[in-house]
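Scroll down for the structure; my scribbles are underneath it.
Readers should treat all values here as calculations from the given coordinates under stated rules, not as data from a laboratory. Keep in mind that this is a model prediction, so the values were computed, not measured. Glycine gets a Cβ as well: all are built from the backbone with ideal geometry, and neighbour counts include every protein chain shown.
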Amino acid sequence: MLAMVRSAALVGLDAHLVDVEVDISGGLPQFSVVGLPDATVKESRDRVRSALKNTGFHFPAKRITVNLAPAGVKKEGSGLDLAIAIGILVAEEVIPQSVLDRSVLVGELSLDGRVKPITGALSFALTCRTGYDLLL
């Protein structure tokens, strides 16, 4: 199933909205992140996997592809962890997609599933002030 969660990434001092698209399909288990991620974003695979398992959610043993759009915007930092994890839960139909339609999710996950603070909260809030009901 395909899921889409809205997030944001900092480029300098400015926040840019990022669509986190998660597709889960059959095949050999694999977890790939595409869309110009930096090394920290690529490492989110391990943080997300551990966070979901350690909070009692099932991590699917399937082919997981995460696309970060737009591909032309460089994504840096660990603030996309939360959106990737929630995207997996939406794709697995644990959370309904409609709950997130007017939300932006930004946060780093610890291995035990806690959401850690991120920098740039004011930039994220200013970017999301029109068109969104929730910034988490």
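Here are the numbers for this structure:
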quantity: Cα lying deepest toward the dipole's positive end in the chain, options Val22, Thr65, Ala51, charges on Cβ; calculated: Ala51
quantity: Cβ-derived FRET efficiency at R0 25 Å, Leu36 paired with Asp101, nearest 0.05; calculated: 0.50
quantity: At most 12 other Cβ within 10 Å, DSSP loop - GluC sites (Glu not before Pro), segment 59-136; calculated: Glu93
quantity: Sites Glu43 and Tyr132, calculated FRET efficiency, Cβ-Cβ separation with R0 25 Å, nearest 0.05; calculated: 0.35
quantity: Test item: Cα-centred dipole of segment 2-135, Lys/Arg +1 and Asp/Glu -1 on Cβ, debye; calculated: 180 debye
quantity: Expected-Rg normalisation [2.2 N^0.38 Å, Cα atoms] applied to segment 2-135; calculated: 0.97
quantity: Environment charge at Gly113 (Cβ cut-off 13 Å; Lys +1, Arg +1, Asp -1, Glu -1); calculated: +2
quantity: 11 Å beta-carbon shell around Val5, net charge (K/R +1, D/E -1); calculated: -2
